[in-house]
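Have a look at the structure below before the remarks.
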Amino acid sequence: MVTPSPPAPFDPRSATIEPGVRLYRVHTAVERRTATTFNPGFGGATRFAFFGEPIVPVMYAAATQKAAVAETLLHDIPVNGGILPYDRYANSVMSRLEITRPLKVAVLHGLGLRRLKVTATEITASDADTYDRTVEWAQAAHDVGFDGLVWMSRLCNDAKAYVFFGDRCADAFIQDRSFGRLFATGVDQMWLIDLCAPLHVDVLLAR
């Protein structure tokens with residue numbers, strides 16, 4: 001299926017994320033990168049990054065813990081099952097973020113898709129070979145002043161996924177330090193194993 005270009009003018013349905021809302025993020029725990037750090041352009045293309053000159057930093061998040069894992073650690077594992085190697089998750093952590101001010105996001109789910117004359121299959125549930133086209137939708141939303149996008153997670157489609165634009169709302173997040181998961185060991189590793197087992201994903205342990 002071909003991913004269409006965003007309509008012009010770009011006039012999506014909008015939603016406001018209110019202060020106090022908490023979201024989950026799985027990210028790599030490395031020096032100088034915190035739970036609220038936006039990606040300035042490192043790594044390969046993703047569904048809604050990267051775009052702009054200079055590059056617009058982005059941060060992905062999800063409404064639930066399961067969706068955050070599905071969209072990151074399980075992203076490349078086939079739905080019929082597979083293996084999650086230790087080195088794929090050993091340096092990953094899950095953080096919980098709290099929104100500190102209202103954020104306006106473009107809606108790419110429900111009737112918000114019909115408003116734009118597209119389907120989820122074309123935009124938010126398409127394969128990686130469409131990322132050069134889906135990123136145009138993020139740029140279109142950015143160009144008309146949105147702080148980010150919201151859609152239903154492709155891999156956990158009962159939960160919302162988000163991308164936020166760092167030049168618009170990098171100041172709008174704080175880390176909720178009452179929560180955190182370190183997947184490399186202990187109870188958080190067991191949580192990950194228990195989550196993945198019924199999904200036919202074997203979580204490998206350190207050798």
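The table that follows gives values for the structure above.
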{"read-out": "Distance in nm between pseudo-label sites at residue 119 and residue 207 (7 Å out along the Cβ direction from Cα)", "value": "4.5 nm"}
{"read-out": "Relative contact order (percent, whole number), the range 16-200, Cα cutoff 8 Å, 6+ residue spacing", "value": "33 percent"}
{"read-out": "At most 12 other Cβ within 10 Å, DSSP loop - trypsin sites (Lys or Arg not before Pro), the range 104-199", "value": "117, 177"}
{"read-out": "Cα long-axis angle, helix 131-143 against the chain (0 to 90 degrees, to the nearest 10)", "value": "60 degrees"}
{"read-out": "Burial ranking of peptide ranges 146-153, 7-14 (average Cβ count within 10 Å, highest at the top)", "value": "146-153, 7-14"}
{"read-out": "Options 16, 51, 107, ranked by Cα towards positive dipole end of the chain, top entry (Cβ charges)", "value": "16"}
{"read-out": "Gap separating the Cα centres of the range 18-34 and the range 62-116, nearest whole Å", "value": "12 Å"}
{"read-out": "In nm, spacing of pseudo-spin labels at residue 171 and residue 86 (7 Å Cα→C-beta vector)", "value": "4.5 nm"}
{"read-out": "Net lengthening on full extension, residue 53/residue 8 (0.36 nm per residue, minus Cα-Cα)", "value": "14.2 nm"}
{"read-out": "Bins of 5 Å from zero: percent of alpha-carbon pairs in the range 86-177", "value": "3, 11, 19, 22, 19, 16, 8, 2, 0"}
{"read-out": "Label zone at residue 98 (point 7 Å along Cα-to-Cβ), backbone N below 12 Å, the range 15-46", "value": "19-23"}
{"read-out": "Contour excess over end-to-end distance, with Cα ends at residue 193 and residue 111 and 0.36 nm allotted per residue", "value": "25.9 nm"}
{"read-out": "Mean ellipticity per residue at 222 nm, deg cm²/dmol - from DSSP H runs of n ≥ 4 across the chain, formula -39500 (n - 2.57)", "value": "-5500 deg cm²/dmol"}
{"read-out": "Between helix 186-196 and the chain: long-axis angle, C-alpha atoms, 0 to 90°, nearest 10", "value": "60 degrees"}
{"read-out": "Computed magnitude of the charge dipole of the chain (debye, nearest 20; Cβ of K, R +1, Cβ of D, E -1)", "value": "400 debye"}
{"read-out": "Separation of the residue 182 and residue 127 label points, Cα + 7 Å toward Cβ, nm", "value": "4.0 nm"}
{"read-out": "Equivalent-ellipsoid semi-axes of the range 16-200, from the Cα gyration tensor, Å, largest first", "value": "25, 20, 16"}
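All of the numbers you see were taken from the coordinates with simple rules; none came from a lab. Keep in mind the model is a prediction, meaning the values are calculated, not measured. Here the Cβ is made from the backbone with ideal geometry for all residues, glycine too, and neighbour counts use every protein chain on show.
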